[in-house]
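The values are calculated or read from the model by the stated rules, or taken from the named source; none is laboratory data. Nothing here was measured: the structure is a model prediction, and the numbers come from that model. Every residue, glycine as well, gets a Cβ built from its backbone with ideal geometry; the counts of neighbours run over all protein chains shown. These area figures cover heavy atoms from the full protein model, side chains too; ligands, DNA and RNA do not enter into them. Shrake-Rupley method; radii C 1.70, N 1.55, O 1.52, S 1.80 Å.
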Amino acid sequence: MTTTEEAEKQLRVMIVDDHPLVRDGIRAMLESSGMAVVAEAPSGEEAAGLAAQLQPDVVLMDIRMPGVDGLEATRRIKEAASTVAVIIVTSFESQDYLIRAIEAGAAGYILKGASRQLLTDAVRVVVEGGSMFEPAMVKAMASEIGSRIAPLEGVLDDLNEREIQVLKLIANGCSNAEIAEQMNYSVGTIKNSVQQIIEKLSVSDRTQAAVLAVRAGLGVE
């Protein structure tokens, strides 16, 4: 592979956190794994503008920041640049924050103090169209949603058998490649199925489809 090809494949990441030391630590982990940090921002407001301008592959987003917080910033980024994946990186192990992050369009939620391997794996997974959430929090989220929100009835009626299976795997955080391997289909076929599911459910992305899956009773494993 040529240097140009390597540069083209290098993942572009933006870091959003109001603490410079945290940004420095995350930057070091990403760069040591061959990823490019294309921007840093200390606030959600600045992050939303930079993401729309630079179109990074992934934004690593803190939640609590002065002014516009990470949840609102995530919502703004997804509205302005829907292809940009956002991963919440926070110290708060909160079911409320997790649910609100997914509703805002986040593709991942991991806790600060995570290993470099987990962080870089999360970036790669969401770029491939998957999601990465703390497993224990996702399991708790299913029961939390059930207690907060009435279950949906009939929401899956328009989906065929294959689409329901794909949706269940999406709800379990599987990437398109992982779904294709488990179901013995091509990645292209799965990508088409995911797009059809999103359209039939009238949601904006796969993470919101996953929320509907949980509410409809598919749950997580």
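List of remarks:
- In segment 109-130, the qualifying residues are those that are part of a strand (DSSP E or B) and hydrophobic (A, V, I, L, M, F, W, C), and the one that is farthest from the chain's Cα centre (by Cα) is Leu111.
- Look at (1) open to solvent by less than 10 Å² (accessible area, probe 1.4 Å); (2) over 12 Å from the mean Cα position of the chain (by Cα) and you find that Val58 fails only one, number (2).
- Counting only residues that are assigned to a loop (DSSP other than H, G, I, E, B) and at pLDDT 75 or above, segment 131-145 holds 1 of them.
- Of the criteria (1) modelled with pLDDT of 90 or more; (2) among the hydrophobic types (A, V, I, L, M, F, W, C); (3) within 17 Å of the chain's Cα centre (by Cα), which one Met35 fails: (3)
- Residues of segment 180-221 that are under 14 Å from Val155 (Cα atoms), modelled with pLDDT of 90 or more and not in a helix (DSSP H, G or I): none at all.
- Picking from residues in segment 154-179 that are free of Cβ contacts under 8 Å to residues at least 12 places away in the same chain and assigned to a loop (DSSP other than H, G, I, E, B), the one that is most open to solvent (accessible area, probe 1.4 Å) is Asp157.
- Applying a threshold of 7 Å to beta carbon distances and a minimum spacing of six or more residues, or different chains, the list of pairs starting in segment 192-221 at a residue that is free of Cβ contacts under 8 Å to residues at least 24 places away in the same chain and ending at one that is assigned to a helix (DSSP H, G or I) and open to solvent by less than 20 Å² (accessible area, probe 1.4 Å) reads Ile198/Ala209; Val203/Ala209.
- For segment 40-53, the criterion of a residue being surrounded by fewer than 19 Cβ atoms within 10 Å (Cβ to Cβ), in contact (Cβ under 8 Å) with a residue 60 or more places away in the chain, under 15 Å from Asp17 (Cβ atoms) and of a type in the set (D, E, K, R) is satisfied by no position.
- Residue that is under 26 Å from Ile179 (Cβ atoms) and more than 12 Å from the chain's Cα centre (by Cα), where the choices are Ile102, Ile77, Ile63: Ile77
- Taken as a whole, the structure places Asp17 among residues that are open to solvent by less than 10 Å² (accessible area, probe 1.4 Å) and either among the β-branched types (Val, Ile, Thr) or modelled with pLDDT of 95 or more (or both).
- Test result for Ser82, among the hydroxyl-bearing types (Ser, Thr, Tyr), surrounded by fewer than 19 Cβ atoms within 10 Å (Cβ to Cβ), free of Cβ contacts under 8 Å to residues at least 24 places away in the same chain and under 30 Å from Ala213 (Cα atoms): no
- Sole exception among (1) over 16 Å from Asp17 (Cβ atoms); (2) surrounded by fewer than 19 Cβ atoms within 10 Å (Cβ to Cβ); (3) modelled with pLDDT under 90 for Ile102, by number: (2)
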